[in-house]
Amino acid sequence: MPLGEILTTAKERSNRLFLFGLKRMLGRKLTMKTINETEIRVRYSETDQMAVVYHTNYLVWCEIGRTNLISQLGFDYVQMEEQGFLAPVLDVHLQYKAPLRYGQSAIVKTWIETYDGLRTTYGYEVRVKETGELSLLATTQHAIVTKEKFKPASFRRHFPEWDKVYKKEVE
């Protein structure tokens, strides 16, 4: 089999396993359009005494992936904040699978899992770049609030362009 076919087959198999794992974890049918992939090189300061990535650093990586996904979709958190809104985390789920170590690289895949016009749930998968081993499955749920009073606001009403794109992402 030519190398190109082997690589295509390996990537297709990886994508099928990725979706199977998510379906199993989340227990429902997945439909998604855009998946952002962000590479992060593990820095020494991100590891703990056991020489593996300290667990809270995965949340930072999720934020990096989420910000990159939003940018890939054509939007920016800075614009949201300039309009007087913030998008705090409401809920976090992290499922650790295998450690990442100093010197390795992580691939953070990020997508919109669910969106209802008020709340957005982002999904994440972190893999060891060098081996493809699954390191983490995660979700974070966000809503928007006013910057001044931290009062909940309608994402759909205040950001209609985002709403249109997000709805297409979860169709």
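Quick one: compute the contact order of the range 90-146, relative version, from alpha carbon pairs under 8 angstrom and 6+ residues apart, as a percent.
Over the range 90-146, the number comes to 42 percent.
Give, as ranges by residue number, the residues of the range 34-63 whose backbone N falls under 11 Å from the point 7 Å along Cα→Cβ of R101.
From the range 34-63, the list is 51-53.
Could you tell me which of the pairs K33/K149; K97/K151; K109/K164; K33/K147; K97/K147 are separated by over 32 angstrom between their Cα atoms in the structure shown?
Result: K33/K149; K97/K151; K97/K147 exceed 32 Å.
With the crude spin-label approximation of a point 7 Å out along Cα→Cβ, what separation in nm comes out for T34 versus H158?
Distance between the two pseudo-spin positions: 2.0 nm.
Of all accessible surface on the range 129-171 at a 1.4 Å probe, what whole percent is carbon and sulfur?
Numbers: 1370 of 2590 Å².
Using a 1.4 Å probe with all protein chains present, the range 129-171 comes out at 53 percent carbon and sulfur.
Return the loop-located chymotrypsin sites (Phe, Trp or Tyr not before Pro) in the range 111-171 (DSSP other than H, G, I, E, B) with at most 16 other Cβ atoms within 10 Å of their own Cβ; answer none if there are none.
F150
In terms of modelled amide H atoms, which long-range or inter-chain residues lie less than 5 Å from the amide H of L100?
Excluding prolines and chain starts, which carry no amide H, the hits are V53.
What's the center-to-center distance, using Cα atoms, between the range 118-161 and the range 39-99 in Å?
10 Å
Only Lys, Arg, Asp and Glu count, each charged at its Cβ (+1, +1, -1, -1), so figure out the dipole size of the range 45-171 about its Cα centre, rounded to 20 debye.
So the magnitude is around 220 debye.
Which percent of Cα pairs goes in each bin when the distances of the range 65-171 are cut into 10 angstrom slices starting at zero?
Histogramming the range 65-171 at 10 Å steps yields 14, 42, 27, 15, 2 percent.
So, in nm, how far is label K149 from label L94 when the simple model puts each one 7 Å beyond its Cα toward the Cβ?
3.4 nm
Once fully extended, how much extra length lies between L86 and Y44, figured as 0.36 nm per residue of separation less the alpha-carbon to alpha-carbon distance? Could the numbers behind the result be given before it?
Details: separation 42, 0.36 × 42 = 15.12 nm, distance 3.13 nm.
Length gained between L86 and Y44: 12.0 nm.
Amide H of A106: which non-local residues (sequence gap of 5 or more, or other chain) have their own amide H closer than 5 Å, using H built in the peptide plane?
Here I40, R41, V42, K129 satisfy the definition.
The values are calculated or read from the model by the stated rules, or taken from the named source; none is laboratory data. Computed from a predicted model, the values in this text were never measured in an experiment. Please note: Cβ atoms are built from the backbone with ideal geometry, for glycine as well, and neighbour counts cover all protein chains shown. Protein only, heavy atoms only, side chains kept; ligands, DNA and RNA dropped before computing areas. Shrake-Rupley method; radii C 1.70, N 1.55, O 1.52, S 1.80 Å.
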